[in-house]
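Take a look at the structure below.
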């Protein structure tokens, strides 16, 4: 699992019918983007240190450094 600051961490609930939890990754503890992460949870606005388990995944947000630069090729607008 690798993340960038600004990506979304989503933790699925192991219990049927329970809600999943999501939050924004606000800080990394390793330069390579591996866990743990500081996450600001959307349901409480609290920040906590998270070691994601197997029920978690990252929703990668496009970052400015990853956007293509220059004119777009014809047919790709």
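The values are calculated or read from the model by the stated rules, or taken from the named source; none is laboratory data. Remember, it's a predicted structure, so these values are computed and weren't measured experimentally. Here the Cβ is made from the backbone with ideal geometry for all residues, glycine too, and neighbour counts use every protein chain on show.
Remarks
- Boolean, residue 3 is modelled with pLDDT of 95 or more, surrounded by 10 or more Cβ atoms within 10 Å (Cβ to Cβ) and outside any loop (DSSP other than H, G, I, E, B): no
- First in segment 42-58 and at negative phi and surrounded by 13 or more Cβ atoms within 10 Å (Cβ to Cβ), second anywhere and outside any strand (DSSP E or B) and at pLDDT below 95, Cβ under 7 Å, 6 or more apart: 52/1; 58/1
- Test: residue 18 is out of contact with any strand residue (DSSP E or B) (no Cβ under 8 Å at 6 or more places or on another chain) and either at pLDDT below 95 or surrounded by 15 or more Cβ atoms within 10 Å (Cβ to Cβ) (or both): yes
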